[in-house]
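The structure appears below as structure tokens.
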Amino acid sequence: MKLYQVVFKDVIRRKRRVLYATLGVIIGTATVVGILTVARAGQARIYNQLEKYGPNLAVIPAINSMDMKLGDVKLGMLAVGDNYVPEEKLPQIRQIADGEIRKAMNIEDEGNIATIAPNLFVDTRIKNTNVVVVGIDPDEEKNIKTWWRVAQGKYLERDDQALAGAVAAQILNIKVGDVVPLDGTSVIIAGILEETGSNDDYQVFVPIATLQKASGREGLVSSVDIRALCNACPVEIIADGINREIPGVRAVAVKQIAASEMGMMEKISKFMLTLGGITLAVGLFGVVNTMMTSVNERIKDIGIMRAVGASRSQIVKAFIYEAVIIGIIGGILGYILGTLLAYIAGPLVFEGTTVAYVPLYFVLALVLAIAVAVVATVYPAYRATQIKVADSFRSL
Amino acid sequence: MLELKEISKVYGEGQTKVIALDKISLDVENGSFVAVMGPSGSGKSTFLNIIGGLDRPTGGEVLMEGKRIDDLDENKLVDVRRGKIAYVFQQYHLLPSLTALENVLLPLVFCGANNEDEDRASEILKKVGLGNRTGHKPGQLSGGEQQRVAIARALVSRPTLILADEPTGNMDRKTSNDIMGLFVQLHKEGHGIIMVTHDPEIAGYAGTTVFLQDGRIVKKNNKKTARIRKDDN
């Protein structure tokens with residue numbers, strides 16, 4: 001028999017008391033795990049949207065008073081109308097974007113830096129069904145929509161080809177190789193995209209020149225997406241430059257919206273973690289309290305152990321073992337409870353968030369719970385060693 | 001083996017000063033069986049606690065095998081408790097969460113038990129008549145049985161001196177006599193025993209009886225183990 005076995009048997013006998021002591025650890029750990037899990041889910045959602053959204057900047061006709069909304073891919077839809085950005089302004093836009101990036105990053109190299117992808121949105125009918133056909137620059141668009149995967153067929157290679165979104169292909173009942181009439185001309189379906197979860201799924205993409213010609217909108221674009229090649233790129237400066245120098249268009253930095261949302265998110269996380277820390281501290285005092293009661297209740301047992309040869313350090317060890325048991329139970333239950341809490345609270349805090357449990361936080365919960373329990377036990381254990389054996393029996 | 005030189009124990013100061021032991025001197029030879037008698041509050045238990053190092057005297061010296069133990073620091077006192085001295089208490093003082101066997105093993109847990117020790121512990125339990133009760137917890141045992149477990153626990157560390165504080169205090173006459181029979185047997189086997197009691201009949205089992213009153217030894221009887229001789233007949 002070993003000392004930890006003696007402690008374990010005693011813990012089992014006093015299970016209700018021990019569970020009570022564990023409660024503080026459970027609540028504290030659960031709060032921290034819950035907050036971290038929710039915060040992580042929220043962050044993942046924002047990153048995901050950023051990635052989905054692609055461009056750092058969107059250039060739209062100035063007269064259009066549409067609201068840019070992060071995660072709402074309806075941006076292009078609003079551009080459908082009679083307001084356009086003249087295609088001849090693209091080189092100017094590129095000049096400003098590349099120039100600002102060169103300045104900011106100290107790049108000497110000539111040539112194109114930013115990805116500049118013009119879009120033309122045309123609401124038309126294919127096979128008697130209303131559909132939005134988007135004119136794109138195939139090479140530039142690929143750099144903006146990096147998540148695009150061609151499910152069937154190939155990506156656009158020629159001007160008489162078209163690419164169908166997953167849902168659009170289904171609704172219009174078109175297959176790779178089909179020839180589809182498009183206003184005055186016709187295009188061959190080169191490929192069908194994998195589902196993206198965005199509006200792209202409902203659209204058909206053709207080279208912009210083809211669409212301009214077919215719809216009689218030569219030299220016009222609905223909007224321009226700009227993606228700088230770096231995260232630290234000065235998109236706000238580029239936006240300012242475009243707004244200042246090119247009349248008739250409005251440039252909006254997507255990152256600004258994202259950054260402010262991210263910053264808000266971080267502030268909320270910090271605030272909630274502080275709350276979690278306070279809960280943990282309160283839990284710690286709870287454990288100290290129950291441990292002190294436990295010491296008082298077990299004065300006799302401690303006296304017995306001392307009388308039969310336990311040293312002070314062995315008494316401390318016995319209490320630390322008990323703390324570790326409390327920590328393990330508290331960590332496991334705290335993790336489970338915290339994760340459940342996150343699943344319930346997550347969607348309430350961040351609308352539409354899918355919360356995923358984080359196995360790494362289980363390790364964190366265990367370490368945290370054991371640390372709290374052990375710290376909480378130090379003083380009670382010290383008090384236990386100060387018990388005089390003779391007094392411990394006299395009090396009975 | 002045990003020498004007490006003018007042991008004093010004073011509680012409190014000034015007006016509230018209580019003298020529990022007043023310059024007691026006593027020699028206990030190896031293997032002797034001493035009963036300490038006296039009315040309540042005469043200092044019997046304090047006396048026993050000081051001998052065993054559970055309490056410290058405020059004056060005088062306690063020598064065990066020629067070495068002072070009253071001024072040892074905690075860690076060295078632990079060694080004394082682990083080897084030479086063992087206790088049997090009136091209230092048995094068993095750990096309620098452990099079985100009889102585990103309670104007997106407890107002293108060895110603190111100095112590192114191994115499997116051989118477990119065999120030894122169950123042998124000792126057999127010896128005190130509890131061979132068939134090793135797996136029972138204290139709550140499932142009678143008072144007499146619990147005290148046998150406590151005695152077995154005292155024996156497991158092979159002590160030279162057993163200190164017993166009213167070991168039969170909570171028992172009826174028959175159980176008391178059974179337990180005392182066990183003490184007498186241990187004495188015969190060479191264990192030294194110092195036993196505190198207020199019961200003259202129980203004290204009758206001991207070879208020497210010391211009477212305490214108001215913290216002093218007022219009388220000392222050497223009965224030449226009368227009771228044992230009677231048993232031998």
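The values are calculated or read from the model by the stated rules, or taken from the named source; none is laboratory data. Only a predicted model underlies this, so the values are computations on that prediction, with no experimental measurement involved. Positions of Cβ are generated from backbone atoms using ideal geometry, with glycine treated the same way; all protein chains shown enter the neighbour counts.
Things worth noting here:
- Here is the figure for the range B:136-147: residues that are more than 13 Å from chain A (Cβ to nearest Cβ) and over 20 Å from the mean Cα position of the chain (by Cα) total 4.
- Residue match in the range B:162-175 (condition: within 14 Å of chain A (Cβ to nearest Cβ), under 18 Å from B:L105 (Cα atoms), out of contact with any Cys (no Cβ under 6 Å at 6 or more places or on another chain) and crowded, with 20+ Cβ neighbours inside 10 Å): yes
- Elements of type strands (runs of 3 or more DSSP E) in the range B:16-119, at least 2 residues being closer than 30 Å to B:G139 by Cβ, more than 9 Å from chain A (Cβ to nearest Cβ) and not hydroxyl-bearing (S, T, Y): B:85-88
- Tally of residues being closer than 20 Å to B:A164 by Cβ and outside any helix (DSSP H, G or I) across the range A:295-325: 2
- Filtered residues of the range B:129-154 (kept if β-branched (V, I, T) and touching a residue at least 40 places away in the same chain (Cβ under 8 Å)): B:V149, B:I151
- Single match in A:A259, A:A281 (criterion: modelled with pLDDT under 80 and part of a helix (DSSP H, G or I)): A:A259
- Residue match in the range B:142-152 (condition: modelled with pLDDT of 90 or more and in contact with a strand residue (DSSP E or B) (Cβ under 6 Å, 6 or more places away or on another chain)): yes
So that you can scan it fast, the table gives a plain yes or no per residue for (1) hydrophobic (A, V, I, L, M, F, W, C); (2) more than 25 Å from the chain's Cα centre (by Cα); (3) under 20 Å from A:I12 (Cα atoms):
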residue: A:A307; (1), (2), (3): yes, yes, no
residue: A:F319; (1), (2), (3): yes, yes, yes
residue: A:T353; (1), (2), (3): no, no, no
residue: A:V363; (1), (2), (3): yes, no, no
residue: A:A371; (1), (2), (3): yes, yes, no
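Conditions (1) of a type in the set (V, I, T); (2) within 14 Å of B:Q147 (Cα to Cα); (3) modelled with pLDDT of 90 or more, marked per residue:
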{"site": "B:L163", "(1), (2), (3)": "no, yes, yes"}
{"site": "B:M171", "(1), (2), (3)": "no, yes, no"}
{"site": "B:T175", "(1), (2), (3)": "yes, yes, no"}
{"site": "B:D178", "(1), (2), (3)": "no, yes, no"}
{"site": "B:V196", "(1), (2), (3)": "yes, no, yes"}
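- Every residue from the range A:112-131 that is crowded, with 18+ Cβ neighbours inside 10 Å and in a strand (DSSP E or B): A:T115, A:I116, A:A117, A:P118, A:N119, A:L120, A:F121, A:V122, A:I126, A:V131
- Test: residue in the range A:307-321 that is more than 14 Å from chain B (Cβ to nearest Cβ), touching a residue at least 60 places away in the same chain (Cβ under 8 Å), crowded, with 21+ Cβ neighbours inside 10 Å and of a type in the set (V, I, T): no
- Selected residue (only one of A:A371, A:A342 is surrounded by fewer than 22 Cβ atoms within 10 Å (Cβ to Cβ) and away from every other protein chain (no Cβ under 14 Å)): A:A371
- Condition met for A:V204 (more than 29 Å from A:A114 (Cα to Cα), β-branched (V, I, T) and not in a loop (DSSP other than H, G, I, E, B)): no
- Exclusive hit being modelled with pLDDT of 75 or more, in a strand (DSSP E or B) and aliphatic (A, V, I, L, M), set A:V18, A:V38, A:V59, A:V25: A:V59
- Counted residues, the range B:1-15 - those being assigned to a strand (DSSP E or B) and small (G, A, S): 1
- Against the list (1) within 30 Å of B:T46 (Cα to Cα); (2) more than 10 Å from chain A (Cβ to nearest Cβ); (3) assigned to a helix (DSSP H, G or I), the condition B:P159 fails is (3).
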